[in-house]
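Engineer: Below is one structure. I have some questions about it.
The values are calculated or read from the model by the stated rules, or taken from the named source; none is laboratory data. Not measured: the values here are computed from a predicted model. Note that we place each Cβ from the backbone using ideal geometry, even for glycine, and neighbour counts take in every protein chain shown.
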Amino acid sequence: MEYIIKQGDRIEGYTNYIYLSSTQIDSSGLYSKYDDKEAINLWISYGINIRSTNARICKTYLSWFNSLKKYSTLISGCNEILQIKFINQQRSYIKNITNKDYSYE
């Protein structure tokens, strides 16, 4: 993830945009499009993954996602201060899990 965030625009022919939301969102999502195929993946708490290739669902998710951009900051390929803060926080989570300290404070 750190490599993708720091690399920015294109990696192996794909454009990656990673945003940090300023609102509390209880899930993570991925929208992907290749030629005329599109898919969404949603990760909800407790490791549940929802995937769909249904065009209507993908369009609805993409519309919702785009509406969140105004409350989010693009960190892939730019905004090094937020990149560092985000990456360090993720490392802290991993360290806490490794140490079996499940408090995410």
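Engineer: Take the range 35-48 and flag every residue that is modelled with pLDDT of 85 or more and either within 18 Å of residue 22 (Cα to Cα) or exposed (fewer than 11 other Cβ atoms within 10 Å of the Cβ) (or both).
Structural biologist: 35, 36, 37
Engineer: Which ranges mark the strands (runs of 3 or more DSSP E) fully within the range 8-81 that have 1 or more residues being among the aromatic types (Phe, Trp, Tyr)?
Structural biologist: It comes to 19-21, 27-34, 37-44.
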